[in-house]
Amino acid sequence: MKISNVRLHAVGIPRHTGFVNKHVIVKLETDEGVTGIGEMSDFSHLPKYSIDLIDLSRTLNTLLVGRNPFDIEDINRELLDNFPEAMYYYEKGSFIRNGIDNALYDLCGKILGVSAAELLGGRVRSRMKVCYPIFRQRFMEEVESNMETVRERYGQGFDVFRLYVGKNTEADIELLKRIKSEFGSKVTIKSFDFSHLLDWKETLRTFKALVPYEVGLEMVESPAPRNDFEGLYNFRTRIDYPVSEHVWSSMQQSEMLKKDAVDIFNISPIFIGGLTAARKASALAENGRKSIVIGTTQELSIGTAAMAHLGCALPHLKFTSDPTGPELYIGDVVKNGVQYEDGYLIAPDRNIAGLGVELDEELLEEYKVSDLGWGEVTVHQLQDRTSTK
Ligand SMILES: O=C(O)C(=O)C[C@@H](O)[C@H](O)C(=O)O
Ligand SMILES: [Mg+2]
Ligand SMILES: [Mg+2]
């Protein structure tokens, strides 16, 4: 069994906020007719350059055609040679590696007739608790629409949310007050996500203003500029709550461990370049006596299914995780999307081979875009995932 062809399909799918995200669906075809699917999720992040898909397809076919799909480690090594890690959160090479890597797990599972779960260490749980994101408020007027989001999503079973903060603390406090007043302890805000926007002292001042209104806070995320390990440590040693940071490279994670900069590693296959790399990052966290949370770039169902398999295989996953992408978009490209129940992401059916989701060719065509170009989107929209200029 050899890989015979790599196909890439770019799609653009709007969120309920109106923001359109572009993703690339991967098909790994083989000389025996089995095809694995994967997802290079959410290229709609800074910096504002885009990948040439024709060139990328040519490169990936050169690298992968003729390879044995079970050589997952060696293929990951070769992908790293061609798309090296960078000390940057949204390094697009990581998205590319992730899409190929998760397609390999789908493909190998289908060849063996087993779920990807069997290739990821099995199951310690059948579902993982997740939270719904409330994106950053710039204006007080956004409080009511965010209250509507909480009411609507609470009605669908989501009782844990996370709040992106740092631009309008008065509005953030008002939202926290209103949530506590209307929902009491039935709704919690598991994290304040500062998204690397402030230096650690500004974050500390903002955090001290917010914390009297916290409701079930589990962690504070990205409270210092990217790769400011001393800033993370200084902030972490001055608050009583755990500090989490995304893992975007093995070097960055090692530095955070060496400098004791965080309590929780936020591990997403998309930002570290795949399930294989995410498992290594998770093992380093466990051996370093650090906790983990499964983060997100807000993937579609293929990427989210991969994370559900991963999250349900990790014994030391103790905090509420983040993958809710399929709930954020108005559509998807699969026939059987991932399922959420009572605020949990349900692991895909273990009796279905591969990742457990099936591509819908008609939806793939419906959401097809010709390239990963940017249009008129502003930096604010890119930072806060909204259509508001
Ligand atoms: O935890 C985070 O940080 C994110 O979720 C970043 C977001 O920008 C995410 O990538 C998204 O696209 O909403
Ligand atoms: Mg974050
Ligand atoms: Mg994203």
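Just so you know, all these numbers are worked out from the coordinates, no wet-lab data involved. Owing to the predicted nature of the structure, the values given are computational and were not obtained by experimental measurement. Don't worry about glycine lacking a Cβ; one is built from the backbone with ideal geometry, like all the others, and counts go over all protein chains shown.
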Suppose R0 equals 35 Å. What FRET efficiency, 1/(1 + (r/R0)^6) with r the Cβ-Cβ distance, do residue 342 and residue 87 give to the nearest 0.05? 0.35
Once label points are set 7 Å from the Cα along Cα→Cβ at both residue 54 and residue 5, what is their separation, rounded to one decimal in nm? 1.8
For region 156-224, the Debye formula with one identical point scatterer on each Cα and no solvent gives log10 I(q)/I(0) at q = 0.11, 0.19, 0.26 Å⁻¹ as -0.24, -0.69, -1.19
Geometric extent, Cα atoms of region 151-281 - Rg, Dmax (angstrom): 15.5, 44
Please give the length that would be gained between residue 238 and residue 226 if that part of the chain were fully extended, namely 0.36 nm times their separation in residues minus their C-alpha to C-alpha distance (nm, one decimal). 2.4 nm
Cα→Cβ-extended label distance, 7 Å offset, between residue 177 and residue 123, nm: 4.6
May I ask you to sort 4, 145 by Cβ crowding, counting other Cβ atoms within 10 Å and putting the fewest first? 145, 4
Treating every alpha carbon of region 231-378 as one equal point scatterer without solvent, the Debye formula yields log10 I(q)/I(0) values at q = 0.09, 0.20 Å⁻¹ of -0.34, -1.20
So, relative contact order of region 121-355 in percent, Cα under 8 Å, 6 or more apart, is 22
Separation of alpha-carbon centers, region 121-189 and region 292-310, rounded to whole Å: 19
Spin-label pair residue 255/residue 186, simplified geometry with 7 Å Cα→Cβ offset, distance in nm: 4.6
Segment residue 148-residue 380, length gained on full extension (0.36 nm per residue, minus Cα span): 81.3 nm
With a 10 Å Cβ neighbour count serving as the proxy for reagent exposure, in which order, fewest first, do 248, 374, 200 appear? 374, 200, 248
Listing 279, 205 by rising number of other beta-carbon atoms within 10 angstrom, fewest first, gives 205, 279
What is the gain in length, in nm to one decimal, between residue 349 and residue 365 on full extension, counting 0.36 nm per residue of separation less the C-alpha to C-alpha distance? 3.1 nm
Could you tell me what percent of the DSSP beta bridges with both partners in region 121-355 are antiparallel, to the nearest 5? 20
Would you mind putting 92-102, 64-74, 308-318 in packing order, based on average other-beta-carbon counts within 10 Å, highest first? 92-102, 308-318, 64-74
Taking placed amide H atoms and a strict 5 Å upper bound, the residues 5 or more places from residue 314 or on another chain that come that close are 124
Per residue, how big is the convex hull around the C-alpha atoms of the chain? Give it to me in cubic angstrom, could you? 123
If you build the convex hull over the alpha carbons only and average its shadow over all orientations, what do you get for region 116-196? Give it in nm² to one decimal. 7.0
Just to confirm my numbers, what's the Cα centroid distance between region 17-42 and region 45-108 in Å? 12
What is the Cα radius of gyration of region 1-73 over 2.2 N^0.38 Å, N being its residue count? 1.28
